[in-house]
1. How do the pairs read when you match residues in segment 160-179 that are under 17 Å from PRO96 (Cα atoms) with residues anywhere that are not aliphatic (A, V, I, L, M), using Cβ under 6 Å and keeping only pairs 6 or more apart or on different chains?
2. Exactly one of (1) loosely packed, with under 12 Cβ neighbours inside 10 Å; (2) touching a residue at least 12 places away in the same chain (Cβ under 8 Å) is unmet by ASP252. Its number?
3. If the requirement is being surrounded by 16 or more Cβ atoms within 10 Å (Cβ to Cβ), of a type outside the set (Phe, Trp, Tyr) and more than 12 Å from LEU348 (Cβ to Cβ), which of these qualifies: ALA296, ALA327?
4. Any residue in segment 463-479 that is crowded, with 21+ Cβ neighbours inside 10 Å, free of Cβ contacts under 8 Å to residues at least 60 places away in the same chain and within 31 Å of the chain's Cα centre (by Cα)?
5. Do we find that ALA503 is over 30 Å from VAL383 (Cβ atoms), over 33 Å from the mean Cα position of the chain (by Cα) and open to solvent by less than 30 Å² (accessible area, probe 1.4 Å) in this structure?
6. Conditions first: (1) touching a residue at least 24 places away in the same chain (Cβ under 8 Å); (2) in a loop (DSSP other than H, G, I, E, B); (3) over 30 Å from the mean Cα position of the chain (by Cα). PHE439 passes all but one, so which condition is the exception?
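The values are calculated or read from the model by the stated rules, or taken from the named source; none is laboratory data. Remember, predicted model here, so these are calculated numbers, not experimental data. Every residue, glycine as well, gets a Cβ built from its backbone with ideal geometry; the counts of neighbours run over all protein chains shown. The accessibility values were calculated without ligands, DNA or RNA, using every heavy atom of the protein model including side chains. Shrake-Rupley method; radii C 1.70, N 1.55, O 1.52, S 1.80 Å.
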Amino acid sequence: RRADALGRRGGLNAAAQYRQLWDILAGGLEQCALLLENTELELDEFSRLFSLVLSQYDVGAIPVSLDRVAAGDAPRMAHREVRALFLLGADSGSIPDCAPSPGLFTDQDRDGLALRDIELAPRQEDKLRREMTIAYETCVRPTEKLYVSWAAGSGDNGKAPSFLLERLAALFPGEKLVDASMSSARLSSPDTALELAGQDRSLAALLRQVPGLEERMDRLDRAAAWRRGALSPEAVTALFGRAVPMSATRLDLYNSCHFSHFMRFGLDAKPRQPAKFRPTDYGTFVHAVLEGTLRAAGEGNVPLDDGAAIAALAREAADRYETGTLAGLEGETARFRWLFDRMKESALAVTQSVCAELAVSDFDPAAFELGFGRGKTLPPVEVQNGVTLRLSGFVDRVDSWVKDGKRYLRVVDYKTGKKAFDFADVEDGRGLQMLLYLFTLAKEGQGLFGPEEIVPAGVLYVPARDPMVDGDRAMTGDDVKKARSLLLKRQGLVLDDPDVISAMERAGEGGYRFLPVDSKGESLVSERQMELLDEYVTQALKKAAGELAAGDIDADPFWRDGAHNACRWCDYQAACHFEEGCGDRARYRRGVKAAEFWNWLAKKSLSGGKEGGGEWN
């Protein structure tokens with residue numbers, strides 16, 4: 001009666017939904033009758049059971065009269081003939097939509113259980129078959145017109161078309177793919193037409209003739225003329241001072257994007273940060289455990305290849321951090337304590353890896369957390385070019401080895417993230433921190449380490465995390481161990497001297513387990529290349545100082561691809577509004593192999609010599 005009354009008043013959709021609800025209610029009661037039969041239940045228990053049954057149904061409305069448009073997802077809209085159908089969102093991420101289930105069982109497990117009459121959720125193959133059926137049923141519904149579209153987007157938001165487009169193109173070779181970015185549909189609305197007017201000046205001239213749009217077009221023209229400009233010398237001094245303190249992280253940010261540096265260190269703009277245990281906190285914890293373990297092992301003459309003793313020292317260091325820095329975990333949640341225990345086990349695994357490396361090396365740790373800067377162990381790295389740039393920071397570890405009156409030093413950086421040594425970064429003036437410290441130690445380190453001549457032996461980036469191996473169930477324990485060993489391989493640069501390489505690691509039967517030395521030799525550096533690299537990083541600092549003094553605050557992010565660019569994790573996107581072609585520009589970079597980098601560096605020369613302050617030609 002309710003459905004009929006709604007239909008008479010013109011509420012056809014509501015009437016159709018009420019009829020569905022009645023069918024669902026009756027169907028749910030019939031299911032209970034068939035399954036429960038004569039089972040007696042309390043009212044509350046039956047109510048919960050009946051509610052659970054009803055929760056498995058969906059209610060959807062389909063066109064209930066002619067000349068109507070209905071919108072809905074493909075499975076619900078099937079089995080009804082229409083004259084025209086618009087299939088939206090036909091990108092590869094949506095069709096087929098059959099992501100793997102997050103459960104514990106694989107498809108092989110499900111097959112095995114199905115043989116024992118235990119049916120679980122559908123397998124991946126079943127999901128894919130259902131998706132193909134839905135795609136077919138959707139495309140055959142219209143009798144006159146089928147429109148298939150997807151949002152192409154751009155950059156990180158770009159989407160690829162579904163396999164469906166390729167199939168339809170093969171079935172209907174006469175149909176053409178249309179780029180709808182400038183379609184008449186977009187031009188029929190003032191807002192979307194105004195978006196396109198910034199790209200098409202002829203369209204802008206036409207919109208200016210539309211009554212009521214003159215003011216908005218004037219604002220659009222004014223915005224198109226805006227530029228970020230540059231800071232005056234007075235503004236540079238007021239914001240940064242005549243002597244600019246510079247850390248390695250800050251230098252990387254400056255060489256990544258001048259505008260982002262201006263926002264962070266010029267305006268001191270800070271994004272909102274939720275209260276949580278951040279990745280940087282994990283890095284601090286791992287550093288503390290590593291330093292505490294190696295110090296204790298050195299002071300107690302504990303052999304680094306004694307796994308049990310090293311594990312005990314590492315646990316003591318982790319416990320000291322827990323009670324000292326975190327003041328215990330009594331007030332924390334059970335989840336936080338569980339996560340911290342996982343972090344502790346990961347830190348112990350990293351510590352054992354570092355100790356295993358030092359056990360097969362003649363290089364010994366000579367300094368931990370060695371500071372560069374005012375009031376620290378060594379002076380800051382300092383250059384002048386319009387302003388004075390003072391680079392300060394810490395080296396996680398410095399290792400030393402003496403032979404024939406020469407002291408070979410290498411700097412070691414613990415990396416808790418996945419960032420790797422990249423020649424393209426160095427070429428672009430980023431990732432110079434460890435190289436700057438290495439060359440500064442070569443010049444200033446005799447007063448700290450001894451009278452011997454200091455030779456830069458290399459930089460090593462040590463993975464300070466327990467890596468997760470991406471494998472399958474067929475992998476044996478040895479396979480997993482081998483895969484984890486590869487993930488723990490160090491990265492960086494090593495002096496191409498057989499004696500130095502042998503001193504860094506005594507190779508076993510399988511070759512070098514830790515050093516990044518292989519048949520390609522991409523990590524090996526000659527003495528001449530070290531000298532060129534020393535000159536280059538100094539000039540990179542001078543270049544940054546000159547650009548800073550000139551007031552450069554351009555939005556000029558480096559950009560290699562969607563995953564490697566300065567914008568992806570930038571905190572200031574909301575303030576930046578980067579727009580290439582309107583004064584902003586991306587500095588596109590390519591991946592660089594070792595041979596390419598050294599050939600490029602060899603072609604460079606200093607016009608004024610090492611100490612003359614010359615520029616690279």
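1. Between residues of segment 160-179 that are under 17 Å from PRO96 (Cα atoms) and residues that are not aliphatic (A, V, I, L, M), the close pairs are ALA160/SER92; PRO161/TRP150; SER162/ASP91; SER162/SER92.
2. (1)
3. Going through ALA296, ALA327 in turn, just one is surrounded by 16 or more Cβ atoms within 10 Å (Cβ to Cβ), of a type outside the set (Phe, Trp, Tyr) and more than 12 Å from LEU348 (Cβ to Cβ): ALA296.
4. No, there is no match, as no residue in segment 463-479 is crowded, with 21+ Cβ neighbours inside 10 Å, free of Cβ contacts under 8 Å to residues at least 60 places away in the same chain and within 31 Å of the chain's Cα centre (by Cα).
5. For ALA503, the condition - over 30 Å from VAL383 (Cβ atoms), over 33 Å from the mean Cα position of the chain (by Cα) and open to solvent by less than 30 Å² (accessible area, probe 1.4 Å) - is met.
6. The number of the failed condition is (2).
The rows are residues; the columns are (1) β-branched (Val, Ile, Thr); (2) touching a residue at least 60 places away in the same chain (Cβ under 8 Å); (3) open to solvent by 30 Å² or more (accessible area, probe 1.4 Å).
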| residue | (1), (2), (3) |
| --- | --- |
| ALA318 | no, no, no |
| LEU348 | no, no, no |
| GLN352 | no, no, yes |
| GLY393 | no, yes, no |
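Each row is one residue, and each column tells you yes or no for (1) assigned to a helix (DSSP H, G or I); (2) touching a residue at least 24 places away in the same chain (Cβ under 8 Å).
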site	(1), (2)
LEU194	yes, yes
LEU203	yes, no
ARG222	yes, no
VAL244	no, yes
ASP268	no, no
